[in-house]
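Step one of this worksheet: look at the structure below.
Laboratory data are not the source of any read-out in this text; all were calculated from the coordinates shown. Note that the structure is a prediction, hence the values are computed from the model and not measured. Cβ placement follows ideal geometry from the backbone for every residue including glycine, while neighbour counts extend to all protein chains displayed.
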């Protein structure tokens, strides 16, 4: 979509609206939303098709290249791709060994998947903001007769809180599963109710139970929320800055030239951000699973 065709506010809103499929509250029919307001009105059961699409595409890229590298791996001098993937695996292995003190063969593959997949989803932020949305608008108007202003394509899955919350709660369910598996129902319940305040007096300890539960429950729920909102907030802010810079290209050649330098500088800096956010999500995943395996 061209930024000259609409106002700056509409341009920003268009780029931050997901391609949504859901049930219309007025007609009851399932269809794609034509406006941001219509997408919002579809409620909780609506599907963000672009988030699902690009999540699957980046996931497929991850699986394809790692599977291909494993298939053609050799014991001799490694190729460039094999060497690069071995560096990533060694980095993940070092991170897991440094943060995970128990034994679980699932943790390292999970950490690898989390890091690479989130990195690839974040890296979609480096694609110029108008390229894919403009291509989608052209396809929609040319082949399906759609108004290009009603064709939405948000290409960075990690700027959608539905994606980040989904990943965070997947990790959270694993934490709950291993907490109960390792410690048992009684041990897990005791962790939530018998700490941090303790007393040898049974009556006083009984009074501490609701206080302990409130504190520990808040701490437990804060784990997936912090995972989800940290990733979403950083990536959403980064995408917003790219969009604001893109608006500068429609304000004349002077501002356009300045926007070009700003875009290059922010893209270089953003490489650090997308890597750091993937690393933080992976590290906290390892730490939370390690805590779930430790029986106090």
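Kirkwood hydrodynamic radius of region 192-296 from all distinct Cα pairs, in Å?
17.6 Å
For region 252-296, report the convex hull volume of the alpha-carbon atoms normalised per residue, in Å³, without decimals.
Considering the Cα atoms of region 252-296, their hull volume per residue is 57 Å³.
Using alpha carbons only, what's the Rg to Rh ratio of region 83-238 with Rh from Kirkwood?
Computed over Cα atoms, the ratio is 1.15.
Take the chain, connect every pair of alpha-carbon atoms lying under 10 Å apart with a spring to form a Gaussian network, then pick out the residue of 205, 23, 263 with the largest mean-square fluctuation.
Sorting by GNM fluctuation, first place goes to 205.
Mind telling me which of 27, 79, 285 comes out most flexible in a GNM of the chain, alpha-carbon contacts under 10 Å?
27
Once both axes come from the Cα atoms, what is the angle between helix 202-247 and the longest principal axis of the chain, in degrees from 0 to 90, rounded to 10?
It works out to around 20 degrees.
What residue among 228, 246, 206 has the largest mean-square fluctuation in a Gaussian network model of the chain, using Cα springs under 10 Å?
The residue with the greatest mean-square fluctuation here is 206.
On average, how much area does the Cα convex hull of the chain cover when viewed from any direction, in nm²?
21.7 nm²
In whole Å, what three semi-axes, largest first, describe the equivalent ellipsoid of region 33-78 built from its Cα gyration tensor (square root of 5 times each eigenvalue)?
So the equivalent ellipsoid measures 42, 8, 5 Å along its semi-axes.
So how tilted is helix 253-293 from the main axis of the chain? Cα-based, degrees 0 to 90, rounded to 10.
20 degrees
Any number yet on Rg/Rh for region 105-179, C-alpha, Kirkwood?
1.17
Nearest 10 degrees, 0 to 90: what angle lies between the long axis of helix 49-71 and the longest principal axis of the chain (Cα atoms)?
70 degrees
Sort 45-54, 92-101, 114-123 by packing, meaning the average of other beta carbons within 10 Å per residue, with the highest value first.
Packing order, densest peptide first, comes out as 114-123, 45-54, 92-101.
Two decimals is fine: what's Rg over Rh for region 1-112, C-alpha atoms, Kirkwood radius as Rh?
My calculation puts Rg/Rh at 1.20.
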